[in-house]
Amino acid sequence: MMRAAGALALCAALLAGASSPVQAAPPPKAKLKIVDGMKGGPVKSVWLHCAPVGGTHPNARAACRLLRQVNGEPSQLNVTPKASCTQEIKPHAVVIAGTWYGRKVHWAKFFANACHMRAMTGPVTAL
């Protein structure tokens, strides 16, 4: 009898806890879709969320940190200005679009190859 009462009390406590409202995570203050298409190769795309960090980007924390340094302006990125890249031609087209703290962002750029892309954008386009 005592064991049944204890089990009943435990079930009631669990049900009461389960019925309490769940706090939803706040929406991100920055939400960007990043697309990288290589000529003759795959097209990769991810979501990057900042504040709080998340999305499907493989290195969201580093990408958000870098974009914060340029106030969400991808055109201002220049991670490795004097990179030693080959003259290999394997074009990449990159698009970054979304919102950054309430401001619309739309940026697109062609790069001669992945090295040039990484030199400018660093972890932001490391998909």
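The values are calculated or read from the model by the stated rules, or taken from the named source; none is laboratory data. Remember, it's a predicted structure, so these values are computed and weren't measured experimentally. Reconstructed Cβ throughout: ideal geometry from the backbone, glycine too, with neighbour counts over all protein chains shown.
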Report, ordered by the first and then the second residue, all pairs with beta carbons closer than 7 Å, sequence separation of six or more or different chains, a first member in segment 37-48 that is over 13 Å from Asn113 (Cβ atoms), and a second member that is of a type in the set (Asp, Glu) and in a strand (DSSP E or B).
-> Lys44/Asp36
Looking at segment 17-33, is at least one residue hydrophobic (A, V, I, L, M, F, W, C) and modelled with pLDDT of 95 or more?
-> yes
Being in a loop (DSSP other than H, G, I, E, B) and surrounded by 12 or more Cβ atoms within 10 Å (Cβ to Cβ) is the filter here, so list the residues in segment 68-77 that pass it.
-> Val70, Gly72, Glu73, Leu77
Filtered residue count, segment 49-67, keeping only those that are part of a strand (DSSP E or B) and either farther than 25 Å from Cys115 by Cα or touching a helix residue (DSSP H, G or I) at 6+ places or on another chain (Cβ under 8 Å) (or both) = 3
Answer residue from segment 62-95, given it is more than 15 Å from Thr125 (Cβ to Cβ) and among the basic types (Lys, Arg) and is farthest from the chain's Cα centre (by Cα) among those | Lys82
Among the numbered conditions (1) surrounded by 19 or more Cβ atoms within 10 Å (Cβ to Cβ); (2) among the β-branched types (Val, Ile, Thr); (3) in a strand (DSSP E or B), tell me where Val95 comes up short.
-> (1)
